[in-house]
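Every read-out reported here was derived from the displayed coordinates using simple, explicitly stated rules and does not represent laboratory data. Here the structure is a predicted model, which means the values were calculated and not measured. Cβ: placed from backbone, ideal geometry, glycine included. Neighbour counts: every protein chain shown.
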Amino acid sequence: MRSFANILVTGGCGFIGTNFVRHLFSDKSFSGRIINFDALTYAGNPENLADIDAAHGKRGDGRYIFVRADICDRAAVEKAFTDYEIDAVVHFAAESHVDRSILGPETFIRTNVMGTYTLLDVARNAWAGRKDVLFHHISTDEVFGSLGDSGYFTETTPYDPRSPYSASKASSDHLALAYHHTYGLPVTLSNCSNNYGPWQFPEKLVPLMILNMLEGKPLPVYGDGKNIRDWLFVEDHNEAVWTIMKSGAAGRTYNIGGENEWENIDLLNCLIELVAEETGKTAAEYKALITYVKDRPGHDRRYAIDCSRLKTELGWTRSLNFEEGLRATVRWYLSHREWCARVRSGEYKTWMDKNYLER
């Protein structure tokens, strides 16, 4: 089993990265340092980790270090590797919203392809053939394209990306594995299904719907609402990532799924019932807000993941069923209304610049 002293977490102020940093600091078996390397683009919010910074940053035990920098900045990446003696990378940093990639694909190519290349190449040179190190690359099930009514994505499913976002992630996946096969860089890779949970930027489906309900705004549903996604609680995703980092075979890919297939409209109706129950409203009030809108271009019909390799080889299991995870998520957003308001209004950027401008 691997252990690491200095883990570089890219995109650690984003949704999944935030939860991963929190996961490691809650794991008593981890005693190393985390170097959070984040450019703080629109979805990066260091306020998510303010308590971690207080406990483990400069004023705490020194096990948490924040570096504000772009993964495409080779000099900054090299400096982080040198200054902090990095022995593992977990690469979350990515542009990740399909709609944004349709409107402006160039940013996705720059960050997801060139940024990943920069990290891989710096790691290759810094580690110079070492085998006691690891580069773990985070990817998505969207690289596989669209499934029919039956079947599942496996680790051997051919790639068939349908959006600029998924194409950029497919490219980065191929680069990561190429660096393993060509240069011997110790690489593991995971492809996950749709994540949900605390700290997710409100443009994503689950928090968007919850917050729109609370504000009486329309609940937009693409097309006929019958597109199917597999939903994975973010804490279960991060436990899987950590399990792969400790025990996964170099050069191997692992699918991480929630084994929870839901049509979008059914998921929304489930959310409506939970929010109504938690707020004392009637479900009918919220259902009246459902608004069908023109479908997204290239909208994949169905995703579903077979994660049996992860379960049988590494012993990973989900900690929560879907209703438990969704209820916990609803309660988190209801109890963090001020955080949601700051993010939606852009006020968090003022806080960010005040506290992190000089870092």
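Residues H180, H299, arranged from fewest to most other Cβ atoms within 10 angstrom of their Cβ, appear as H299, H180. Principal-axis analysis of the Cα atoms of the chain puts helix 264-279 at an angle of about 80° to the longest axis.
Compared with the dominant Cα axis of the chain, that is its longest principal axis, helix 205-215 is turned about 50°. Assuming charge only on the beta carbon of Lys and Arg (+1) and of Asp and Glu (-1), the dipole of region 291-352 about its Cα centre is about 180 debye to the nearest 20. Here region 33-57 and region 101-126 have alpha carbon centers that stand 21 Å from each other.
Counting only DSSP beta bridges whose two residues both lie in the chain, roughly 10 percent are antiparallel. Relative to the longest principal axis of the Cα atoms of the chain, helix 74-84 runs at roughly 70 degrees. For the residue pairs K246/K311; K79/K204; K28/K58; K204/K281; K28/K311, the C-alpha atoms sit more than 25 angstrom apart in K79/K204.
Peptide packing: for 281-294, 104-117, the average count of neighbouring Cβ atoms within 10 Å per residue gives the ranking 104-117, 281-294, highest mean first.
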